[in-house]
Structures are given as structure tokens and as C-alpha cells.
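**Q** One structure coming up, written as C-alpha cells, with questions to follow.
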Protein chains: 2
Amino acid sequence: MPDLFVGVDVGGTSVKCALASADGHILREGSIPTESHEGPEAVLDRIAAFVQSLSDEVGRKPAAVGMGLPGLVDPHLGYTRYLPNLTTHWRDVPAADLLSKKLHCDVHLLNDARTATYGELIFGRGKSVNTMVFMAIGTGIGGGLVIDGKLRLGPLGAAGELGHQTIDPTGPLCGCGNHGCLETLASGTALAAEGIRLMLVGMAPALHDAVDGDPGKVTVEIMGQVADQDEPVRQAITHAGFYLAIGVSNMVVAVHPELVVIGGGVANLGELLLRPMREDIRARVGRLFPVDGIAIETSQLGSKAGVMGAIALASRGLPT
Amino acid sequence: MPDLFVGVDVGGTSVKCALASADGHILREGSIPTESHEGPEAVLDRIAAFVQSLSDEVGRKPAAVGMGLPGLVDPHLGYTRYLPNLTTHWRDVPAADLLSKKLHCDVHLLNDARTATYGELIFGRGKSVNTMVFMAIGTGIGGGLVIDGKLRLGPLGAAGELGHQTIDPTGPLCGCGNHGCLETLASGTALAAEGIRLMLVGMAPALHDAVDGDPGKVTVEIMGQVADQDEPVRQAITHAGFYLAIGVSNMVVAVHPELVVIGGGVANLGELLLRPMREDIRARVGRLFPVDGIAIETSQLGSKAGVMGAIALASRGLPT
């Protein structure tokens with residue numbers, strides 16, 4: 001019987017878990033609410049209990065756990081350093097050790113966007129790829145770089161923070177304290193806020209109808225659905241694509257990847273976002289060197305990239 | 001007797017050559033004018049004759065040649081693709097083969113900034129370094145990335161074009177056709193142009209005295225000399241440092257290097273440029289992760305980085 005591995009993807013609102021073999025075949029999966037206000041010990045307790053219940057169903061003990069977490073995580077020491085989207089911020093929590101003691105197996109931690117990159121590398125579009133840029137575009141923008149077939153982590157697991165490139169030094173204030181980071185201009189949050197603005201000034205009647213005029217209901221997904229009726233909404237998506245193209249192009253001139261993968265919720269916009277992005281990237285970089293060999297695609301694993309990356313982390317350990 | 005290697009560094013105005021052993025000990029060096037209007041064959045003929053005369057002096061035949069060239073160079077095929085600063089642009093010239101036939105030994109080509117990065121990696125500050133960002137700031141801004149001890153080239157030798165990151169989408173027009181590339185905001189050319197502007201509007205009296213009011217004589221070097229008298233000139237240098245700090249920070253968040261090396265003529269400004277840059281980089285990136293371990297230094301090899309990199313290229317071949 002092949003070994004059983006656990007992938008855990010911790011988000012601000014929910015925690016996804018999956019039990020799978022090393023080749024990514026999923027036996028059980030599910031999710032629980034994060035409830036991060038309870039603090040790390042309680043959250044890890046509930047994760048352990050949920051993993052236990054899933055493995056009881058399968059009737060086998062997991063060999064190792066991989067866990068992606070939103071924020072700065074030291075993957076080499078297994079500590080969370082700062083998770084801004086979880087209520088208590090998990091500063092310097094030895095989360096790998098804590099969970100390991102509860103589940104009696106090895107636990108590996110990694111930043112969630114790097115975990116998703118690992119998933120896409122091992123089980124998704126990156127399978128036979130040498131050099132890949134991954135961008136996870138959702139609430140913020142995370143990322144990961146694969147160079148010479150290896151996910152690049154850096155000494156603190158912080159390499160790949162592609163959403164915190166400065167694209168416009170006079171741009172909007174970022175949560176990190178700088179101005180004009182890519183994620184202030186083109187994250188799902190930024191795009192939804194622009195949709196709300198368009199709706200409030202009366203430029204997006206179809207969007208207004210779709211959400212009953214409620215700003216709290218505006219999402220990127222709904223914006224995508226009304227884009228063929230509300231031309232300004234379509235333009236807002238293209239404009240986000242323009243900034244994303246700059247952020248991607250900056251990475252393309254730096255590492256010249258063969259593959260760029262766009263993941264996260266915003267990737268569900270599909271060709272509506274990708275077509276103008278591809279054109280922009282090819283026009284920008286094409287002035288410097290030929291770009292025919294660079295594929296620009298949405299994530300193959302979609303919303304499962306994180307949990308599949310955590311399976312890769314559990315079964316293969318950190319990239320070396 | 002150890003093998004003899006030739007390093008050639010081709011610039012817009014002059015070609016530097018050096019004969020050295022594999023450990024970088026230089027036996028002969030010198031330079032000739034480029035005279036690129038004569039076309040590639042004639043330029044390569046004169047380079048070959050000059051190398052021949054230097055090796056005749058030493059009384060030994062070189063084992064291999066490395067050559068850095070300004071622009072897009074395919075190092076794997078040994079072709080120049082487009083050298084914008086040389087008069088005839090050297091489109092698709094098999095320069096490695098041509099020079100090899102003249103000198104009867106192997107010839108390796110590489111973009112000049114990547115060559116300088118290689119020099120700094122093998123013989124300079126990068127000697128025992130794992131991950132390094134190199135920026136050559138002169139007429140334009142070139143660069144190179146060393147990741148896991150290896151100079152990153154990409155399939156066309158074009159990876160590392162760090163001067164063509166977009167830093168301000170509404171910024172000045174770049175030679176590449178895009179707007180607000182880092183080199184439009186912080187190259188030696190951009191900095192000198194700002195010095196000229198300050199002089200012409202009467203805000204840089206010491207600079208005016210130093211160059212007899214002649215815009216054609218304004219250089220970054222002279223600006224550095226008058227910066228303690230002309231406060232606006234000092235501010236112009238700090239402002240270029242602000243943009244350079246953004247460009248470096250974008251690479252730091254992407255690859256988290258242990259060393260950033262600033263080379264090219266502008267690096268001669270030394271601490272006048274580096275002090276504000278270091279502060280900016282640490283403030284920017286420090287909001288995301290600890291940066292204590294990242295050294296930010298000027299090139300150890302200075303103007304010899306290119307020719308020493310070409311020696312590394314001759315003696316070690318392309319990084320694999």
C-alpha cells in the first residue's frame with residue numbers, strides 16, 4: 001500500500017485538507033472554517049482533529065503533512081513569522097512542531113503562494129518545465145519562481161513575493177507600507193474596488209443589477225459575467241491586465257521563463273484577462289528579445305493548487 | 001605552464017582585451033577603439049590582430065577567448081542578435097565562429113552585463129556567494145542574476161535585463177519602446193541629463209563652473225565632485241538612488257539574494273549613491289521580511305568586471 005500524505009491549505013476564512021498518495025491521487029478532501037481569532041493552538045488543534053477524522057475514514061495513518069500558510073513562513077525552521085490575514089498574526093509560532101506532536105508525523109510549512117507554485121510544478125502545468133513564473137491573484141498577489149526546475153525559496157522562504165514589486169512609486173498605499181506595489185493595482189481586491197467605483201458613479205448598470213446595488217456583493221467573478229454588457233467593467237479588467245502584464249514582464253526580463261502561470265481567483269476571468277495580458281507582455285518584452293517560446297496560461301489546478309502543493313510538500317519535502 | 005586565456009570586452013567606443021591565466025592573473029592588457037562603423041568583419045579583424053600582438057608579446061598561443069558584447073547575444077549559438085549601440089547593429093552575426101577562425105581557438109560570446117556579472121561571481125565580490133543581483137549602471141542599465149551559484153542566462157542569454165523593468169508606466173520613453181524602464185530614470189545618461197537641466201536653470205553653479213557651462217562636458221563623475229557644493233545635484237543623485245532602490249528591491253523580493261552588487265561607471269559615486277540606496281532598500285523590503293543578511297556593495301572589479309568576466313568565460317565556458 002503506498003504511503004498516505006496530507007495537504008493543508010490555510011486561508012483567512014477556511015482551511016482545505018486533502019489526503020493523497022505521492023502521485024497526487026486524492027482519497028479524501030474537505031474543509032473547515034479557519035476561525036483564526038481563536039489563536040494558533042486552537043486552529044492547529046482543529047486541523048489535527050479534522051486530519052485525524054479523514055485518515056480514520058481511510059483507515060491509514062499519514063506519513064507526513066505539508067501545510068501552506070498565508071504570509072511569512074520560515075520553511076527551514078518550521079516557524080510562522082507573520083501572517084497578516086490571520087487575526088492573531090501567528091508571530092514566531094513553531095507550527096510545524098506543534099502540529100507534528102498532535103499528528104505524530106513530520107510536518108512541513110511553506111508560504112501559501114509558494115505552496116501553490118509547488119503544486120503547479122509537480123502536478124499541474126509546470127510538470128516538465130525548467131523555468132516558470134507563478135502569480136496567485138486573489139485578495140493580494142502572491143507568487144513563486146521556479147528556476148532550473150527548482151522552486152526558489154530563499155533563506156526565509158520569502159523569495160517570490162511578486163505582488164510587492166513596485167510598479168508605480170506614486171501609486172496606492174499597500175499593506176506593506178510601500179506605494180504602488182503590483183497588488184495595490186491589480187489584485188482581486190483592487191479590481192473589485194474599481195468595479196464598486198464604476199457602479200457607484202453609474203457607469204456599470206449591469207453590475208448594479210447583478211448585485212442589487214450592494215457594494216459588498218461585488219466580486220471579480222460577477223464583474224467577469226457582466227463585462228460584455230458594461231464596457232467600463234471590461235476596461236477595468238483590461239486595465240488590471242495591463243498592470244499584471246508589467247509585473248509579469250519585469251519577471252520575464254529578469255529570468256526569461258518558458259512558462260507563466262496565472263492562478264488565484266482572478267484567473268477564473270480566463271481569456272477576458274489573459275488575452276490582453278498576453279498581448280501586452282509580448283509587445284513589451286518583444287522589443288527586447290523574442291518571446292515566442294513563452295507560454296502564458298491559467299493554473300491547471302485552479303483552487304486546488306494550494307492543497308496539491310501541500311501534498312507535494314508532504315511527499316517530497318522542501319525543494320532542494 | 002598554465003593555459004593562457006583571452007578576455008575581450010566590446011564597448012561602443014573601445015574594446016578592452018586582457019590575457020590571463022584561469023585564476024585571473026593578468027599577463028597583458030590593453031584597448032583599441034571600436035570604430036563600429038566599419039562593420040563586424042573589420043572590427044573582429046582588428047580585435048584578432050590586437051589579441052595576436054598581445055599573445056606574441058607573451059610568446060604563447062591562447063587556449064580560448066571570451067567576449068562580452070553590448071546587446072542581445074545568443075551565447076549558446078555564438079551569434080550576436082542585435083547590438084543597438086554599435087553602428088551596424090550586428091544582426092545575426094556568427095561572431096564566435098568568425099573570430100575563432102581568425103585566432104584558431106574556441107570563442108565564447110555573452111552579453112556584456114552578464115559577462116561583468118560572471119566576472120564579479122568568479123573573481124570579485126561574488127566568489128563565495130550563492131545568490132547575487134548585479135546591476136551595471138552606465139549609459140544604460142544592464143544586469144545579471146546569480147541563483148544557486150549559477151549565472152542565469154535563459155535560452156537566449158537575455159535573462160538579467162534588469163534595466164528594462166518598468167518602474168513607472170507613465171515615465172520617460174525608453175530606447176526599447178516602453179515607458180518608465182528603470183534605465184530611463186536612473187542610468188548614468190539619465191542622471192547626467194538631470195545635472196544638465198539643473199545647470200541650465202541656474203540651480204547648479206558649482207557644476208557650471210566645473211564644466212564651463214558646457215552641457216557636453218557634464219558627467220556623473222563631475223556631478224559627484226560638486227555634490228557637496230550644489231545641493232540640487234546631491235538631491236539628483238539621491239533621487240536616482242531612490243529609483244535604483246526600487247529596481248533592486250523588486251529583484252530582492254523576487255529572489256532574496258544575499259548580495260547586491262552595483263557596477264558600471266555610476267558605481268564610482270560610491271557611498272554618495274549607495275548610502276541612500278541601502279536605506280531605501282532596507283526600508284522597502286524590511287516591511288516584508290528581514291533584510292539584515294543582504295549586503296549591498298559596489299563592484300570589486302570596477303571597470304575591469306567585463307574583461308575579467310570574459311576571462312572567466314574563456315577559461316570556464318558558459319555557466320552550466
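**Q** Based only on Cα atoms, what Rg/Rh ratio does the protein assembly as shown have, Rh being taken as Kirkwood's radius?
**A** Numbers: Rg = 26.6 Å, Rh = 26.1 Å.
When Rh is taken as the Kirkwood radius, the ratio is 1.02.
**Q** Using alpha-carbon positions, what is the distance between the centroids of the range A:262-298 and the range B:1-80, in Å?
**A** The range A:262-298 and the range B:1-80 have Cα centres separated by 40 Å.
**Q** In µm²/s, what is D for the range B:209-316 at 25 °C and 0.890 mPa s, where D = kT/(6 pi eta Rh) by Stokes-Einstein and Rh is the Kirkwood radius from Cα pairs?
**A** Diffusion coefficient, whole number: 158 µm²/s.
**Q** Treat every Asp and Glu Cβ in the range B:12-160 as -1 and every Lys and Arg Cβ as +1, leave all other atoms uncharged, and give the resulting dipole magnitude about the Cα centre to the nearest 20 debye.
**A** The dipole of the range B:12-160 has a size of about 320 debye.
**Q** Also, quick follow-up: Read phi for every residue in the range A:155-165 and hand back ³J(HN,Hα) as whole Hz from Karplus 6.51 cos²θ - 1.76 cosθ + 1.60, θ = phi - 60°, with x for Gly and Pro.
**A** Those phi angles translate into x, 10, x, 9, 4, x, 6, 5, x, 9, 5 Hz.
**Q** Between the helical axis of B:231-255 and the dominant principal axis of chain B, each derived from Cα atoms, what acute angle in degrees is found, rounded to the nearest 10?
**A** The helix B:231-255 is inclined about 60 degrees to chain B.
**Q** For the range B:84-98, what does the Karplus curve 6.51 cos²θ - 1.76 cosθ + 1.60, with θ = phi - 60°, yield as ³J(HN,Hα) per residue in whole Hz, taken in order and with x for Gly and Pro?
**A** x, 8, 9, 3, 8, 6, 6, 6, 6, 9, x, 5, 5, 4, 4
**Q** Give me the number: length gained by fully extending residue B:221 to residue B:91, i.e. 0.36 nm times residue separation minus the C-alpha to C-alpha distance, one decimal in nm. Numbers along the way, then the final one.
**A** On the way: separation 130, 0.36 × 130 = 46.80 nm, distance 3.32 nm.
Taking residue B:221 through residue B:91 to full extension adds about 43.5 nm, to one decimal.
**Q** A follow-up question, please. Expressed in whole Å with the largest first, what are the equivalent ellipsoid semi-axes of the range A:66-105 derived from the C-alpha gyration tensor as the square root of 5 times each eigenvalue? Could you put the intermediate results ahead of the total?
**A** On the way: eigenvalues 63, 21, 15 Å².
Here the semi-axes work out to 18, 10, 9 Å.
**Q** Let's see if you can work this out: charge +1 on each Lys and Arg Cβ, -1 on each Asp and Glu Cβ, no other charges. What is the dipole magnitude of the range A:127-299 about its Cα centre, in debye to the nearest 20?
**A** Computed charge dipole of the range A:127-299: roughly 540 debye.
**Q** Roughly speaking, what is the stretch gain from residue B:61 to residue B:101, that is 0.36 nm per residue apart minus the C-alpha to C-alpha distance, in nm to one decimal?
**A** Taking residue B:61 through residue B:101 to full extension adds about 13.0 nm, to one decimal.
**Q** Can you compute the radius of gyration and Dmax for the range A:127-299, using only the Cα atoms, both in Å?
**A** Considering the range A:127-299 through its Cα atoms, Rg and Dmax are 16.4, 50 Å.
**Q** Give me the angle, in degrees from 0 to 90, between the Cα long axis of helix A:305-316 and the longest principal axis of the Cα atoms of chain A, rounded to the nearest 10.
**A** 40
**Q** Under a point spin-label approximation (7 Å from Cα along Cα-to-Cβ), what is the residue A:292-residue A:212 distance to one decimal in nm?
**A** 5.5
**Q** If you don't mind, another one. Based on DSSP, what percent of beta bridges with both residues in the range B:127-299 are antiparallel, to the nearest 5?
**A** 55
**Q** Compute the relative contact order of chain B as a whole-number percentage, counting only Cα pairs closer than 8 Å that sit 6 or more residues apart in sequence.
**A** The value is 21 percent.
**Q** Another question, if that's okay. Please give the average number of partner chain Cβ atoms lying within 10 Å of the Cβ of each residue in A:27-39, rounded to a whole number.
**A** Mean shielding by partner chains, rounded to a whole number: 0.
**Q** May I pose another question? Evaluate peptide B:250-262: per residue, the Cβ atoms of other protein chains within 10 Å of its Cβ; return the mean as an integer.
**A** So the per-residue partner count for this stretch is 6.
**Q** Residues with beta-carbon under 15 Å from that of residue B:129, excluding residue B:129: net charge, scoring Lys, Arg +1 and Asp, Glu -1? Don't skip to the answer; put the middle values down first.
**A** Values: positive: B:125, B:127, B:150, B:152; negative: B:120, B:148, B:258, B:297.
Summing Lys and Arg as +1 and Asp and Glu as -1 gives 0.
**Q** Please name whichever of B:55, B:109, B:89 sits farthest to the positive end of the charge dipole of the range B:1-144, dipole taken about the Cα centre and charges placed at Cβ: Lys and Arg +1, Asp and Glu -1.
**A** B:109
**Q** How big is the Kirkwood radius of chain B, worked out from every pair of different alpha carbons and given in Å to one decimal?
**A** Hydrodynamic radius (Kirkwood, Cα pairs) of chain B is 20.1 Å.
**Q** Of all DSSP beta bridges located in chain A, what percent are antiparallel, nearest 5?
**A** 60
**Q** Projected onto the charge dipole of chain A (+1 at Lys/Arg Cβ, -1 at Asp/Glu Cβ, origin at the Cα centre), which of A:236, A:43, A:118 gives the Cα projection farthest towards the positive end?
**A** Positive-end residue among those listed: A:118.
**Q** Right, another one. Nearest 10 degrees is fine. How inclined is helix B:112-123 to the longest principal axis of chain B, computing both from alpha carbons?
**A** The angle comes out near 80 degrees.
**Q** Before rounding to the nearest 500, sum -39500 (n - 2.57) across all DSSP H runs of length at least 4 in the protein assembly as shown and divide by the residue total; then give [θ] at 222 nm in deg cm²/dmol. Kindly include the intermediate steps, with their values, before the conclusion.
**A** Details: 20 runs with 248 residues, N = 640.
Only helices count here, giving -12000 deg cm²/dmol.
**Q** Now for a different question. What order, most packed first, do the peptides A:28-41, A:168-181 have when packing is the mean number of other Cβ atoms within 10 Å of each residue?
**A** Per-residue mean Cβ counts within 10 Å order the peptides as A:168-181, A:28-41.
**Q** Find which of B:311, B:210, B:193 sits farthest along the positive direction of the dipole of the range B:185-320, computed with +1 on the beta-carbon of Lys and Arg, -1 on that of Asp and Glu, about the Cα centre.
**A** Toward the positive end, the furthest listed residue is B:311.
**Q** Could you tell me what percent of the DSSP beta bridges with both partners in the protein assembly as shown are antiparallel, to the nearest 5?
**A** Around 60 percent antiparallel, to the nearest 5.
**Q** Tell me, in nm to one decimal, what length is gained between residue B:228 and residue B:42 on full extension, where the rule is 0.36 nm per residue of separation less the Cα-Cα distance?
**A** Length gained between residue B:228 and residue B:42: 62.4 nm.
**Q** With only Lys, Arg, Asp and Glu charged, each at its Cβ (+1 for the first two, -1 for the last two), find how big the charge dipole of the range A:149-218 is about the Cα centre; round to the nearest 20 debye.
**A** The calculation lands at about 340 debye.
**Q** Then there's this: My understanding is that a pair violates if its Cα-Cα distance is over 29 Å; which of A:102/B:150; A:16/A:127; A:16/A:217; B:16/B:217; B:102/B:127; A:16/A:101 do that in this structure? The partial results should precede the final answer.
**A** Working: A:102/B:150 41 Å; A:16/A:127 23 Å; A:16/A:217 24 Å; B:16/B:217 24 Å; B:102/B:127 33 Å; A:16/A:101 20 Å.
In this structure, A:102/B:150; B:102/B:127 exceed 29 Å between Cα atoms.
**Q** Right, next: Within the range A:52-74, what residues put their amide N at less than 19 Å from the label point 7 Å along the Cα-to-Cβ vector of residue A:1?
**A** A:52-65
**Q** If you don't mind, another one. I'd like the distance between the alpha-carbon centres of the range B:164-241 and the range A:236-250, rounded to an integer number of Å.
**A** 30
Throughout, read-outs are computed from the coordinates displayed, never taken from laboratory work. A quick note: this is a predicted structure, and the numbers were derived from the prediction, not measured. No Cβ is skipped: glycine too gets one built from the backbone with ideal geometry, and neighbour counts run over all protein chains shown.
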